[in-house]
Amino acid sequence: TSIGLKLLEKKIDTDQYILDTSKTDLPSDYDLAYSLRDQQQSATYFKHKLEYLTEQKYNALITSDLNLDLLDQQIALIEQDIKALKIKESHGASSSLALKNKQAELDKLNHSKTSALAEQESLKKDFQKLTNLDPDRYILENPVQFEPFRAKNSIDAYIYSRIDEMQTYTKEQAKYFEATVGVRSTIPGSNEISESAYASNVYQKQALSSNLTLQRDTYYTTLLAQYTNLINLEQQIENIKNELELLNKQLKLTEIRLNAGQTTQLEYDRLLAQKDQLNYNLTVSYYQYEDLKQVLDKPWVFLS
């Protein structure tokens with residue numbers, strides 16, 4: 001947790017403020033109490049968003065390490081290919097064009113590795129800014145466990161329940177404002193408000209109500225789209241798992257052939273590289289899935 005967040009939470013300690021807008025005798029310091037409770041919710045949302053961003057950076061660091069391992073593996077395989085092509089070329093069994101193409105692949109991979117290393121350093125700096133922790137001093141683990149998201153009732157009911165929580169204090173403000181629009185009067189000196197003040201209050205009330213409805217519809221559309229992405233990603237994860245299952249079977253058969261001298265170590269290593277690539281894709285998909293679950297559970301980390 002950052003120092004900035006701790007200071008914010010200390011400054012906005014408003015648990016003692018309890019409002020009941022169902023009462024007709026609203027407290028005279030309602031505006032202050034409402035403002036403090038609204039800030040309290042904002043502080044909580046800010047904390048959740050920091051946690052969300054920190055987890056994203058943490059996961060990005062892990063996948064960055066995995067990506068660099070994959071690049072090293074791919075570079076090693078290309079280097080073996082180049083070595084084999086040079087031997088073939090010396091015996092006239094391969095063209096110089098094939099060697100140039102492989103060298104171009106190697107150059108591209110080395111460039112990708114340089115870019116990946118630079119990106120990783122940037123991620124480390126961002127992570128340290130968020131957490132005050134130096135990631136180089138810790139061993140990063142891969143804690144994610146895939147648990148499919150399931151709404152208890154319908155997805156519509158679930159989404160609207162999250163929107164209702166986000167709009168708690170805005171609705172409260174709207175209710176209070178509606179109760180205090182006033183009664184218009186044309187009689188000078190009466191306790192009732194003027195015609196122009198009444199019209200202004202009515203306009204503000206209608207605008208607030210309209211904004212609430214528009215915000216609710218926008219939130220619903222956005223969260224439903226995120227849910228659709230989650231369902232699609234769930235299928236993608238199953239597809240990767242199926243590919244891994246088939247590849248593991250192929251690896252076992254290739255290992256048998258390798259031991260029998262019917263294939264080369266290089267061909268076996270290529271299959272291992274494919275497996276590592278699929279495992280990387282699976283890990284990235286898991287993180288993306290968990291990210292979408294958090295967006296649905298705490299939409300304010302995404303929408304605010």
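Can you tell me which of (1) modelled with pLDDT of 90 or more; (2) open to solvent by 70 Å² or more (accessible area, probe 1.4 Å) is the one GLN145 doesn't meet?
It is condition (1) that GLN145 fails.
Quick one: in region 124-140, which of the residues that are part of a loop (DSSP other than H, G, I, E, B) and without any contact (Cβ under 8 Å) to a residue 12 or more places away in the chain is most open to solvent (accessible area, probe 1.4 Å)? Before the answer, list the steps.
Going through region 124-140, the residues part of a loop (DSSP other than H, G, I, E, B) turn out to be 132-134, 138-140.
Going one step further and asking which of them are without any contact (Cβ under 8 Å) to a residue 12 or more places away in the chain, we end up with 133-134, 138-139.
On the way: LEU133: 73, ASP134: 49, TYR138: 125, ILE139: 154 Å².
Among residues in region 124-140 that are part of a loop (DSSP other than H, G, I, E, B) and without any contact (Cβ under 8 Å) to a residue 12 or more places away in the chain, the one most open to solvent (accessible area, probe 1.4 Å) is ILE139.
Go through the residues of region 181-196 one by one and say whether even a single one is open to solvent by less than 70 Å² (accessible area, probe 1.4 Å), part of a loop (DSSP other than H, G, I, E, B) and at pLDDT 85 or above.
Going residue by residue through region 181-196, those that are open to solvent by less than 70 Å² (accessible area, probe 1.4 Å) are 181-182, 185, 190, 193-194.
Then keep just the ones that are part of a loop (DSSP other than H, G, I, E, B); that gives 181-182, 190.
Right, trim to at pLDDT 85 or above and you get none.
Checking region 181-196: not a single residue is open to solvent by less than 70 Å² (accessible area, probe 1.4 Å), part of a loop (DSSP other than H, G, I, E, B) and at pLDDT 85 or above.
How many residues does region 92-119 hold that are within 18 Å of LEU266 (Cβ to Cβ) and either open to solvent by 70 Å² or more (accessible area, probe 1.4 Å) or not aliphatic (A, V, I, L, M) (or both)? Give the derivation first.
Here is the first cut: in region 92-119, the residues within 18 Å of LEU266 (Cβ to Cβ) are 93-94, 98-99, 101-103, 105-106, 109.
Retained after the next criterion (residues that are either open to solvent by 70 Å² or more (accessible area, probe 1.4 Å) or not aliphatic (A, V, I, L, M) (or both)): 93-94, 101-103, 105.
Total satisfying the criteria: 6.
Of the residues LEU244, LEU253, only one is over 25 Å from ILE159 (Cα atoms) and in contact with a Leu (Cβ under 6 Å, 6 or more places away or on another chain); which? First the steps, then the outcome.
Values: LEU253 fails: in contact with a Leu (Cβ under 6 Å, 6 or more places away or on another chain).
Answer to the check: LEU244.
Can you name every residue in region 262-278 that is under 14 Å from ILE237 (Cα atoms) and either among the hydroxyl-bearing types (Ser, Thr, Tyr) or in contact (Cβ under 8 Å) with a residue 40 or more places away in the chain (or both)? Give the derivation first.
Taking region 262-278 first, the residues under 14 Å from ILE237 (Cα atoms) are 277-278.
Scanning region 262-278 gives a single hit, GLN277.
Rundown of residues vs (1) within 26 Å of GLN274 (Cβ to Cβ); (2) assigned to a helix (DSSP H, G or I), yes/no style:
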residue	(1), (2)
SER210	no, yes
ARG216	no, yes
LEU224	no, yes
THR228	no, yes
ILE231	no, yes
GLN235	yes, yes
GLU238	yes, yes
GLU255	yes, yes
THR263	yes, no
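What single numbered condition from (1) in a loop (DSSP other than H, G, I, E, B); (2) among the hydroxyl-bearing types (Ser, Thr, Tyr); (3) open to solvent by 60 Å² or more (accessible area, probe 1.4 Å) fails to hold for TYR203?
Looking at each condition in turn, TYR203 falls short on (1).
Need pairs with beta-carbon distance below 6 Å; first residue modelled with pLDDT of 85 or more and within region 27-55, second buried (at least 17 other Cβ atoms within 10 Å of the Cβ) and aromatic (Phe, Trp, Tyr); sequence gap 6+ or separate chains.
Matching pairs, first to second residue: TYR45/TRP300.
Right, ASP20: of a type in the set (Asp, Glu), under 28 Å from the mean Cα position of the chain (by Cα) and either modelled with pLDDT under 60 or closer than 17 Å to THR170 by Cβ (or both) or not?
Details: of a type in the set (Asp, Glu): yes; under 28 Å from the mean Cα position of the chain (by Cα): no; either modelled with pLDDT under 60 or closer than 17 Å to THR170 by Cβ (or both): yes.
The answer is no for ASP20.
Quick check on region 212-228: of everything there that is surrounded by 16 or more Cβ atoms within 10 Å (Cβ to Cβ) and among the aromatic types (Phe, Trp, Tyr), which residue is farthest from SER304 (Cα to Cα)?
The qualifying residue farthest from SER304 (Cα to Cα) is TYR227.
Quickly run through region 148-167 and pick out the residues that are more than 26 Å from GLN236 (Cα to Cα), open to solvent by less than 60 Å² (accessible area, probe 1.4 Å) and in contact (Cβ under 8 Å) with a residue 40 or more places away in the chain.
Within region 148-167, ARG162, ILE163, MET166, GLN167 qualify.
The values are calculated or read from the model by the stated rules, or taken from the named source; none is laboratory data. Because the structure is a prediction, the values reported are computed rather than measured. As a convention, Cβ positions derive from the backbone with ideal geometry for all residues, glycine included, and neighbour counts pool all protein chains shown. Side chains are part of the model used for accessible areas, which takes the heavy atoms of the whole protein and leaves out ligands, DNA and RNA. Shrake-Rupley method; radii C 1.70, N 1.55, O 1.52, S 1.80 Å.
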